[in-house]
Amino acid sequence: MKIKFVLTFFFFLSLVNETHAQNYINLLIKDSISSEILIGATVLEEGTSNGGATDISGKVKFPVSKIGPVTFKVQLLGYNSKTVLIPIPQKETITLIVLSSTNAELNEVTISSVRTNSHIEDIPTRVEVLGLEDLEEENGIKPGNIISLLGDIAGIQIQQVSASSGNSLARIQGLNGRYTQLLKDGLPLFGGLSGSFGILQIPPLDLKQIEIIKGSVSTLYGGDAIGGIINLISKEPKPEREWTVTLNQSTFGESNINQYYAKRFKKTGITFFAGQTFQKQNDMDKDGLSDVPNISNTVIHPKFIFYFNPRSNLSLNYTGTFENRKGGDMNYLTSPANDTLYHITNKMARHNSSAKWEYIFSENKNLSVVFSNSLLDEDLKTKHYNFKAQQLIYYSEISYRKSGLTADWVSGINFNGDNFNNKTLLLTEIKDYNYSTIGGFIQNTWRPIKKLTLESGLRVDHHSEFGYIALPRLSLMYKFSSKINTRLNGGYGYKAPNIIAYADAETELNKIVSGRKLDLELSEGVNGDINYTNIFFKKLGVTLNQSFFFTNLKKPVFDSPSADSSGVVYQNADKSIQTKGLQTYARLKYDEFEIYLGYVYTNVKKLYDTKNSMLPVTPQHNFSTTLFYELSRWRFGIESAYIAGQVDEKYLPVRNYLTFAAMIQYNLKKLTFVLNCENVNDFRQSKYEKIYSGTIYNPEFHKLWAPIDGRVVNFSVKWDI
């Protein structure tokens, strides 16, 4: 018995010793910005050769012989190495380690708009990305909004639709701006009335990247995405504190002060943006009416993230936008006592809020639940009428993603609504509406062979007013080699009609006459492109892209004079609007030089109007060039754009024109100085024609086919505290 006891004791003791010897370190390594798993990161126990590398799930596990605090070094090419102290035995099942990129361009490669969080080179859908470097540059050029940055993208036209208030829309591939869906972190917070002035009220400082998909993507995001989407991705907090303040002043009298703060702690993270813009009114052509409106704008955006554990996190967002915008007779703007003078004043308060919870089941399975709403209160006053309204847009979604070696799946259901309330009793033709939609979608990305990727999707929506709508979509990508690949995408879309999205709220609301009930606008479209990338002489980087697009918009809504010509009637056309075209893009990089060359041909035809088939103020030809040169702390840039082939509202050809811009940037430790000039050659439509008819007391403004504000110079300072 004693021998058995002794043997049993030593056997138990050996197990205890072995248990101590087999303590494991278990880590999950991710990108600090995108939360993307990092494959191939090495982890070494300091002072030893003991270690391992992360697998395809971003995890690494190996035995550690020591007990107590142990130091490990984590490294990966393209990322800053990190030294971490972890107690052994490990207290948690798995420890999350995040690495920060050494190159801002790496932040651009992961795309969320296609819902798979894939690398851009692996996506069958063509996505154009404006990365962190572009947004930081825009913050020095135009801190108040992203409008000029979007206007630099080939195939996107920023159209100013109001000479008095400066309201502008982003048009994609020739389609009206109302067919472009604007998203914030993948959530549709702008649409209908709340889409007004949207891109004019979004500053670039707290954005990480902008993702643009041209062509219908309604299968992924539902209605309103007929022309494409612009998805604004906000920054995430890093372990290192980030605090930036930007000051800007322009020759137009625009003053900006923006600040952004971000910090990630162990279990929580916060980002906070606050910005203020003041703009003085300006009469550039000295006709007595403002060409640049008077603006007071305030934006606040706090974001809180709770990291419950490596598998689960919750983010909460709120954005408040408060703006007072005035335009019209300069005498009224300086002394607004005489309401008989022509004027437009617009007070807006927009409240956007969202919540997103994500749970990671494993390295290739995750569930996300999102809620969002956007509440807009608008009070518009003009010489001829007042308009006061409120719009609530809400959205909720549950989605599940599963990825594998040869196939990825994304599926989900969502419920969203659009509630519009006209609080102006006199404008009786502007009807209230309350739309709600419940939909389900599924998307499969299949890689049957290494060179081929097929992506198919289907969405079925049930609209409270228009019933069921089915939206299939198909994309493919074939990689001929590491240098050449091609993509082809096709899909369907729809838009639920509402008068407020079609009419000019500043001039037309009192002219609307009841007509036939409007029906859904439906679309079918296809996009394709071929890409070539190579490096010559070890220094010259060349990127070439040739793409084409085609969209057939059925039952488009258009306006026509009423029977007695006293008002305007909106109705669906019996034939389509077709837009088609080509886009050519080239990027050349040699040492410190970068050159971008672009050309877009756009042909838009109204098939329902055989007499005047061209769409007014839609350029057929757009040539653009950009040149950058970097030298130590300096950066120089020159841009040009040539616009041709437009007609005005009378379908008469207008002048082709050329504009230039130039920028100088200087970096001094934590300070960045930018001197920028837009429209250097001071081209203005008002130099060649009056932009309105009638009198200054009752002007009838023409459609704008060129800038009316002219040359502007700004100087900004960014301070990284």
Query - Per residue convex hull volume, Cα atoms of segment 203-249, in Å³ - result: 102
Query raised in the report: In deg cm²/dmol, rounded to 500, what helix-only [θ] at 222 nm does the chain give when every DSSP H run of at least 4 residues adds -39500 (n - 2.57) and the total is split over its residues?
Result: -2000 deg cm²/dmol
Requested in this report: May I have the convex hull volume per residue, in Å³, for the Cα set of segment 623-721?
Outcome: 122
**Report entry** Options Ile199, Pro497, Met477, ranked by Cα towards positive dipole end of the chain, top entry (Cβ charges)
**Finding:** Met477
Report task. Provide the packing ranking of 473-481, 57-65, 79-87, i.e. peptides ordered by the mean count of other C-beta atoms within 10 Å per residue, highest first. Result -> 473-481, 57-65, 79-87
Query raised in the report: Cα centroids of segment 497-573 and segment 684-707: how far apart, whole angstrom?
Result: 24
**Report entry** HN-Hα J in Hz across segment 666-673 - Karplus 6.51, -1.76, 1.60, θ = phi - 60°, x for Gly and Pro
**Finding:** 9, 9, 10, 6, 8, 10, 10, 10
Query raised in the report: Near Lys511, within a Cβ-to-Cβ distance under 11 Å, what is the net charge of the other residues, with Lys and Arg +1 and Asp and Glu -1?
Result: -4
Query raised in the report: Which angle between 0 and 90 degrees, to the nearest 10, do you get for helix 132-141 versus the longest principal axis of the chain when only C-alpha atoms count?
Result: 40
Report summary line: A correct Karplus calculation of ³J(HN,Hα) over segment 433-445, with 6.51 cos²θ - 1.76 cosθ + 1.60, θ = phi - 60°, whole Hz and x for Gly and Pro, returns 8, 9, 8, 9, 9, 10, x, x, 9, 9, 9, 10, 10
Query raised in the report: Which of the aspartates and glutamates could be linked to Lys580 by a straight reach, that is with a Cα gap under 16 Å, when you skip same-chain ones fewer than 8 residues away?
Result: Glu524, Asp529
**Report entry** Convex hull volume per residue in cubic angstrom - Cα atoms of segment 154-263
**Finding:** 127
Query raised in the report: Hey, which of these cross-link pairs are over 18 Å Cα-Cα: Lys30/Lys670; Lys30/Lys450; Lys303/Lys356; Lys208/Lys238?
Result: Lys30/Lys670; Lys30/Lys450
Query raised in the report: When the accessible area of the chain is computed with all protein chains present and a 1.4 Å probe, what percentage of it is carbon and sulfur?
Result: 59
Report summary line: Taking a ≥ b ≥ c as the square roots of the Cα gyration tensor eigenvalues, with a/c under 1.5 meaning rounded and otherwise prolate when a/b beats b/c or oblate if not, segment 440-560 comes out oblate
Report task. Rank-order 139-145, 611-617, 344-350 by packing density, defined as the average count of other C-beta atoms within 10 Å over each peptide's residues, highest first. Result -> 139-145, 344-350, 611-617
Report summary line: Other residues with Cβ under 10 Å from the Cβ of Glu240 give, with Lys and Arg +1 and Asp and Glu -1, a net charge of +3
**Report entry** Between 0 and 90°, nearest 10: helix 2-21 axis offset from the chain longest Cα axis
**Finding:** 30
Report summary line: With every protein chain kept in place and a 1.4 Å probe, segment 412-523 has an accessible area per residue in Å² of 49
Requested in this report: Send over a whole-number figure in Å² for the accessible area per residue of segment 217-271, probe 1.4 Å.
Outcome: 33
Requested in this report: Excluding Leu520 itself, calculate the net charge of residues whose Cβ lies under 15 Å from the Cβ of Leu520, where each Lys or Arg counts +1 and each Asp or Glu counts -1.
Outcome: -1
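The values are calculated or read from the model by the stated rules, or taken from the named source; none is laboratory data. Since this is a predicted model, take the numbers as computed values, not measurements. In this analysis, Cβ positions are derived from the backbone assuming ideal geometry, glycine residues included, and neighbour counts consider all displayed protein chains. Calculation scope for accessible area: heavy atoms of the full protein, side chains included, ligands and nucleic acids excluded. Shrake-Rupley method; radii C 1.70, N 1.55, O 1.52, S 1.80 Å.
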